Amino acid sequence: MKKTKTKGKNKALFRCENCGYESRKWLGKCPDCGQWDSLVEKVVVSAPSGRKQTACRPLPLSSTGGSEQKRMISRISELDRVLGGGLVPGSMVLIGGDPGIGKSTLILQLLGALAADGRQVLYVTGEESARQVAMRGRRLGIEGNDILLATETCVESIITMAAELSPALLAVDSIQTMFTEEVASAPGSVTQVRESTALLVNLAKSTDLPILLVGHVTKEGSIAGPRVLEHMVDTVLYFEGDRGQPFRILRTVKNRFGSTNEIGVFEMKESGLAEVKNPSALFLAERPVNVPGSVVMPSIEGTRPILVEVQALVSPSNLGTGRRTAIGADPQRLALLTAVLEKKLGLTLFDHDIFLNIAGGIRIDEPALDLGVVVALLSSFFEKTVDPTTAVCGEVGLAGEIRAVGQIEMRIQEANRLGFTTFLLPMSSYRRLEKIDKHSMRVIGVATIQSLVEILF
Ligand code: TYD
Ligand code: MG
């Protein structure tokens with residue numbers, strides 16, 4: 001009699017086609033995603049033990065050619081900067097974003113720019129017909145024979161195509177439409193998306209071909225979306241923006257070849273995406289002057305200062321307890337700052353509706369926004385306007401103290417460039433200012449939110 005548990009035997013493994021959950025036994029319902037009847041058997045051949053594997057030989061780090069490789073530059077500087085100074089050979093870049101935000105447009109413009117430089121590039125789309133892409137290309141003013149277009153969804157065919165053509169760049173739009181023959185599940189399922197990406201990563205690494213991958217962020221946020229791929233790729237860019245606004249922000253969330261938190265600003269026009277070289281002016285263009293509840297805050301996005309307008313509306317609620325809504329900022333941070341104002345200034349806010357908005361559809365995540373939020377809230381609550389040439393920034397602590405923030409000089413210079421002459425900043429940042437002439441402008445250090453009220457109004 002044979003033993004059932006021999007080593008090296010093929011073991012059965014069941015994998016959920018919806019979320020990729022793996023189990024040793026078949027289950028009717030996936031315990032991870034709750035999908036019924038989604039587990040399918042997959043045979044795994046385990047390596048026979050005892051036999052030596054052919055391993056790759058370790059090499060000294062210094063001998064592996066790790067010098068900075070030549071990056072491919074598109075001359076779309078908003079894009080090149082976000083990539084950390086151009087595309088690195090063999091890198092895998094994922095561009096995520098809501099459907100319709102402009103990912104395909106951005107990719108086509110990038111390919112157009114590279115082709116205009118005499119590089120042959122390959123665009124594989126599983127979303128649109130060749131005619132649709134050609135029409136869009138014509139509208140964007142992209143022509144020439146150096147952009148090769150393929151409507152293909154099979155990853156194995158794409159790999160063959162790339163080997164035959166050896167393009168300078170491969171763009172795959174989108175990963176949710178691609179499939180590999182190795183997996184039986186439908187395109188767009190987590191297993192398919194993951195396995196297809198793995199094959200493409202392998203292609204990039206083995207041939208030094210840079211690959212751009214488009215991924216839609218689904219409504220649920222995670223299922224089969226770019227989130228499951230973030231750890232597999234080198235660079236993750238998110239294309240964000242409000243569909244009703246023309247501004248689009250390309251944000252780095254991961255980059256193995258450059259700094260993160262860098263942003264590129266674009267404007268969606270009739271003729272495609274245009275670079276915005278002076279984002280501060282753009283975000284302040286429609287700022288109402290002498291209206292309570294509005295203040296300007298110089299934010300640092302990556303390596304660049306950008307001025308944004310912080311708007312707040314505080315009004316008595318007709319319900320028992322007020323609502324709190326934050327757009328473009330962290331709602332929890334708003335709740336925290338509201339609590340600090342109640343406790344430290346004795347304001348009654350629980351029965352007020354509070355709305356916070358960062359104008360222009362940009363998202364600000366840094367703590368330096370706190371002071372802007374506090375000033376906007378106070379301005380709206382007291383119905384008093386803030387002097388329109390004032391810019392504020394600083395972190396607010398739970399004790400009502402105003403804490404230092406980084407790169408204060410850069411913030412002041414950018415605000416000054418756009419005509420701001422009064423600055424409210426944390427006292428400790430103020431003391432450390434060296435390069436700024438504190439007397440040609442009104443630079444005021446603030447230590448607590450109690451003293452802030454006296455200075456402001
Ligand atoms: P698209 O690149 O197809 O979005 P995604 O690939 O992220 O789904 O962009 C679609 C939107 O962009 C569409 O609503 C129309 C708009 N658009 C313009 O306003 N101008 C243009 O020149 C182009 C090409 C698109
Ligand atoms: Mg698209």
Expected output for the range 413-434 (first residue more than 14 Å from Ala391 (Cα to Cα), partner assigned to a helix (DSSP H, G or I) and of a type in the set (D, E, K, R), Cβ below 7 Å, 6+ apart or cross-chain) is Leu433/Glu409
Of the listed residues (Leu148, Leu108), the one being among the hydrophobic types (A, V, I, L, M, F, W, C), near ligand 1 (Cβ under 10 Å from one of its atoms) and crowded, with 16+ Cβ neighbours inside 10 Å is Leu108
Here the qualifying pairs (Cβ atoms under 8 Å; residues six or more apart or on different chains; first in the range 92-114 and on the phi < 0 side of the Ramachandran plot and within 13 Å of ligand 2 (Cβ to nearest atom); second assigned to a helix (DSSP H, G or I) and of a type in the set (Gly, Ala, Ser)) come out as Leu108/Gly137
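Looking only at the range 74-103, which residues are touching a helix residue (DSSP H, G or I) at 6+ places or on another chain (Cβ under 8 Å) and under 14 Å from Phe266 (Cβ atoms)? Outline the logic, then answer.
In the first step, residues of the range 74-103 are kept if they are touching a helix residue (DSSP H, G or I) at 6+ places or on another chain (Cβ under 8 Å); the result is 74-76, 79, 86, 90-92, 94-97.
Of everything in the range 74-103, those that are touching a helix residue (DSSP H, G or I) at 6+ places or on another chain (Cβ under 8 Å) and under 14 Å from Phe266 (Cβ atoms) turn out to be Ser74, Ile76, Leu79, Ile95, Gly97.
Counting just the residues of the range 195-206 that are among the small types (Gly, Ala, Ser) and surrounded by 20 or more Cβ atoms within 10 Å (Cβ to Cβ), which one comes out nearest to ligand 2 (Cβ to nearest atom)? Please lay out each step first, then the result.
Step one: list which residues in the range 195-206 are among the small types (Gly, Ala, Ser), which gives 196, 198, 204, 206.
Then keep just the ones that are surrounded by 20 or more Cβ atoms within 10 Å (Cβ to Cβ); that gives 196, 204.
Working: Ser196: 17, Ala204: 21 Å.
For the range 195-206, the residue satisfying everything is Ser196.
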Only one of Val133, Val121 is more than 12 Å from ligand 1 (Cβ to nearest atom), surrounded by 17 or more Cβ atoms within 10 Å (Cβ to Cβ) and free of Cβ contacts under 8 Å to residues at least 60 places away in the same chain, namely Val121
For the range 87-118, the count of residues that are part of a loop (DSSP other than H, G, I, E, B) and either under 16 Å from Gly137 (Cβ atoms) or under 17 Å from the mean Cα position of the chain (by Cα) (or both) equals 5
Any residue at all in the range 212-226 that is under 14 Å from the mean Cα position of the chain (by Cα), crowded, with 18+ Cβ neighbours inside 10 Å and small (Gly, Ala, Ser)?
-> yes
### Query
Does Ala134 qualify as being among the small types (Gly, Ala, Ser) and within 16 Å of Ile107 (Cβ to Cβ)?
yes
Among the residues of the range 223-245, the number that are modelled with pLDDT of 85 or more and either not charged (D, E, K, R) or not in a strand (DSSP E or B) (or both) is 11
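Do we find that Phe381 is touching a residue at least 60 places away in the same chain (Cβ under 8 Å) and in contact with a helix residue (DSSP H, G or I) (Cβ under 9 Å, 6 or more places away or on another chain) in this structure?
It is true that Phe381 is touching a residue at least 60 places away in the same chain (Cβ under 8 Å) and in contact with a helix residue (DSSP H, G or I) (Cβ under 9 Å, 6 or more places away or on another chain).
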If we keep only residues of the range 255-286 that are among the β-branched types (Val, Ile, Thr) and at pLDDT 90 or above, then the residue surrounded by the most Cβ atoms within 10 Å (Cβ to Cβ) is Val265
Within the range 122-140, residues at pLDDT 95 or above and more than 14 Å from ligand 2 (Cβ to nearest atom) come out as Leu122
Expected single match for touching a strand residue (DSSP E or B) at 6+ places or on another chain (Cβ under 6 Å), farther than 30 Å from Met268 by Cα and among the charged types (D, E, K, R) among Glu301, Glu309, Glu395 is Glu395
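Keeping to the range 145-194, report how many residues are part of a helix (DSSP H, G or I), touching a residue at least 40 places away in the same chain (Cβ under 8 Å), of a type outside the set (S, T, N, Q) and more than 16 Å from ligand 2 (Cβ to nearest atom). Show your work before the answer.
Start the filter on the range 145-194 by keeping residues that are part of a helix (DSSP H, G or I), which leaves 155-165, 175-177, 190-194.
Now narrow it down to the ones that are touching a residue at least 40 places away in the same chain (Cβ under 8 Å): 155-156, 158-159, 162-163, 165, 175-177, 190-191, 194.
Then keep just the ones that are of a type outside the set (S, T, N, Q); that gives 155-156, 158-159, 162-163, 165, 175, 190, 194.
Checking which are more than 16 Å from ligand 2 (Cβ to nearest atom) leaves us with 155-156, 158-159, 162-163, 165, 190, 194.
Summing the residues that are part of a helix (DSSP H, G or I), touching a residue at least 40 places away in the same chain (Cβ under 8 Å), of a type outside the set (S, T, N, Q) and more than 16 Å from ligand 2 (Cβ to nearest atom) in the range 145-194 gives 9.
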Okay, helices (runs of 4 or more DSSP H) sitting entirely in the range 349-457 with 1 or more residues that are in contact with a Gly (Cβ under 7 Å, 6 or more places away or on another chain), I get 369-382, 427-432, 449-456
Here is a check on your reading of the model: is Val289 assigned to a loop (DSSP other than H, G, I, E, B) and crowded, with 20+ Cβ neighbours inside 10 Å?
no
In the range 20-38, anything among the polar types (S, T, N, Q) and outside any loop (DSSP other than H, G, I, E, B) is listed as Ser23
Next on the checklist: Please verify whether Val155 is under 30 Å from Ser38 (Cα atoms) and not polar (S, T, N, Q), treating the condition exactly as stated.
Outcome noted: yes
Cβ pairs under 6 Å, 6+ apart or interchain, first in the range 355-369 and over 14 Å from Pro298 (Cβ atoms), second hydroxyl-bearing (Ser, Thr, Tyr) and not in a loop (DSSP other than H, G, I, E, B), ordered by first then second residue, are Phe355/Thr325
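Could you list, in sequence order, all residues of the range 366-379 that are among the small types (Gly, Ala, Ser) and crowded, with 24+ Cβ neighbours inside 10 Å?
So in the range 366-379, the residues among the small types (Gly, Ala, Ser) come out as 368, 372, 376, 379.
Those that are among the small types (Gly, Ala, Ser) and crowded, with 24+ Cβ neighbours inside 10 Å: Ala368, Gly372, Ala376.
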Residue pairs within 8 Å by beta carbon, gap of at least six or interchain, first lying in the range 205-216 and over 13 Å from Ser166 (Cβ atoms), second acidic (Asp, Glu) and within 16 Å of ligand 2 (Cβ to nearest atom), listed first then second, are Val214/Asp173; His216/Asp98
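The values are calculated or read from the model by the stated rules, or taken from the named source; none is laboratory data. Computed from a predicted structure; not experimentally measured. No Cβ is skipped: glycine too gets one built from the backbone with ideal geometry, and neighbour counts run over all protein chains shown.
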